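Since the structure comes first, as structure tokens, the remarks are kept for the end.
Values quoted throughout were computed directly from the atomic coordinates according to the rules given, and no laboratory measurement underlies them. On a predicted model such as this, the values are computed, not experimentally measured, just so you know. Methodologically, a virtual Cβ is constructed for each residue, glycine included, from the backbone with ideal geometry; neighbour enumeration extends over all protein chains shown.
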There are 2 protein chains.
Amino acid sequence: MPGSIRLFVTAPLAAGVEIAATAAQAHYLGTVMRRAVGEMVGLFNGRDGEWTARLATMRRGEASLVVDRMLRPQAAEPDMWLVFALLKRDATDLVVQKATELGVAALWPVLTARTNAQRVNLARFHAIAIEAAEQSERLTVPSIHEPQPLSALLKTWPTGRRLFVAAEREPAPPIAAPPIVARPIVAPPIVAPPIVAPPGAPPGAAPPGAATTCPAALLVGPEGGFTPAELDAIRGHPLVTLVSLGPRILRAETAAIAGLARLQGAG
Amino acid sequence: MPGSIRLFVTAPLAAGVEIAATAAQAHYLGTVMRRAVGEMVGLFNGRDGEWTARLATMRRGEASLVVDRMLRPQAAEPDMWLVFALLKRDATDLVVQKATELGVAALWPVLTARTNAQRVNLARFHAIAIEAAEQSERLTVPSIHEPQPLSALLKTWPTGRRLFVAAEREPAPPIAAPPIVARPIVAPPIVAPPIVAPPGAPPGAAPPGAATTCPAALLVGPEGGFTPAELDAIRGHPLVTLVSLGPRILRAETAAIAGLARLQGAG
């Protein structure tokens, strides 16, 4: 449950560095949270760990912070992706927020035959993910990719990344089996990928410095399910494992949240 | 993902029985889903399994259905409760919906020192749970109890029902350990408890005919967390096990959904 103020910034973090808050952050600090000059907040940027910073100036909707000391170093995080068919706006927002809380490294919205939504507002997804990362005490913000057809993503799927597919009305083993639990990355510390990846970035491009064991992903289909042709393509992919989320039929956003919770174990 | 129409009814289900739809159901069938006389829908009541029924009459906002044949018998379901500190309206609604999808048998809203909400609309919770049960292909609707202080619920906690408590910033083992997975009830078939339990109903009162193995519950605190005194009372309870949902700080509603997903395994 949310604790003290933590803000995500893009600037490098080191003792003594002065950082300008964005307009939204300045508004949040001054107007929403009523913080005054001299008070402390936490900062993280996905690369340099978490730091305390002192609110140095605040006036006319602007604020600056001076970085003080490191609270904790950048740490390894699970290398789990979520691939999900775009849903209606509220459901997609929920998926972005909850997947961030549950620690996913990357979000890949995809288009399928039965996907209704086509357009997304990546800036809004980005804002939701940042807020969720700030509140959940993550040290990174997940990368969020441009939507693309599921078939295109499967064609360029990175070698070695297992893809668990939430199956309904299909025989599949339960998702809780031990080998499919993603393990936290051990060392060296992961370097955060860019927040919003450029549309052309290959899905297999690992961020520099990332050492991953057991990279994995969960794929959740649209409300109407996959078509038989899509299921054939999925089943035929060498890295795919169909998994069951139980006997009930879950809404797509519930399948995403519950599936991630189970895959990540205590990660 | 939701399939064909399924409706929850309170009347007994048997071949040939005629059942009057509620006004809301008649509106849903005729106006929302544009169903015509002669078309088939599914019915369940939490006791008699799932049946097909033919839309027999429909006019002026009223509809009746004639039960045809049984699709599947009433089946055992996991005996899992969710105890949760009342949250803001949207978050509580989400918990009721997702917990129903994830198969909980009973929802126990509680009041804690840091709970902001005091009043609830049980009728709305009930409607949300029924809709989620209809869409998730459950054969029951969870019972939803009147809010009460957490201390009162702990005092009357039923013997033999383990209570897993989502712990944050507390040393606790991961929630995924095998002994805490709730097992489906085997036999005889569970008889559904009343949808909304009367305020005075003792929490240990099992529905008649229920045979339970490994009854369990998950307790999730309010956004602000439990107070030290509450944590002491929780820790001191003989049936309580503190469990971790991972290193991140989850919103209360996320903790409820993710915790249930993990506890239930493939249940």
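Under the rule a/c < 1.5 gives rounded, and otherwise a/b versus b/c splits prolate from oblate, where does the stretch B:42-106 land using the Cα gyration tensor?
On the way: a/c = 4.54, a/b = 1.61, b/c = 2.82.
Oblate, since a/c reaches 1.5 and b/c is not below a/b.
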Packing-based exposure ordering (other Cβ within 10 Å, fewest first) of B:H126, A:H145, A:H237
A:H237, B:H126, A:H145
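Starting with the fewest neighbours, write out A:T115, A:T31, A:T140, B:T241 ranked by other beta-carbon atoms found within 10 Å of each beta-carbon. Please report the intermediate quantities before stating the final value.
On the way: A:T115 20, A:T31 10, A:T140 24, B:T241 17.
Least to most surrounded, the residues fall as A:T31, B:T241, A:T115, A:T140.
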For the stretch B:121-137, Karplus-derived ³J(HN,Hα) couplings (6.51, -1.76, 1.60; θ = phi - 60°; whole Hz; x for glycine and proline) come out as 9, 4, 5, 5, 4, 4, 5, 5, 5, 5, 4, 5, 5, 4, 6, 8, 6
Rounded to the nearest 0.05, what FRET efficiency do A:R114 and B:D90 have when you use their Cβ-Cβ distance and R0 = 35 Å?
0.80
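Give the shape of the stretch B:1-132 as rounded, prolate or oblate, defined through the alpha-carbon gyration tensor: a ≥ b ≥ c are the square roots of its eigenvalues, a/c under 1.5 means rounded, and otherwise the shape is prolate if a/b is larger than b/c and oblate if not. Mind dumping the intermediate values first?
Numbers: a/c = 2.84, a/b = 1.80, b/c = 1.58.
In terms of gyration-tensor shape, prolate.
How much length, in nm to one decimal, is gained on full extension between A:E170 and A:L71, taken as 0.36 nm per residue of separation minus their Cα-Cα distance? Write down the numbers at each step before the final one.
Numbers: separation 99, 0.36 × 99 = 35.64 nm, distance 4.72 nm.
Full-extension gain reported as 30.9 nm.
Can you put A:D48, A:D79 in order of Cβ neighbours within 10 angstrom, beginning with the fewest? Before the final figure, lay out the partial values.
On the way: A:D48 21, A:D79 25.
With the sparsest Cβ surroundings first, the list reads A:D48, A:D79.
Which whole number gives the average count of other chain Cβ atoms within 10 Å of the Cβ atoms across peptide A:216-228? Present the calculation step by step, with values, prior to reporting the outcome.
On the way: counts 0, 0, 0, 0, 1, 1, 1, 3, 3, 3, 1, 0, 0.
Per residue, the number of nearby Cβ atoms from other chains is 1 on average.
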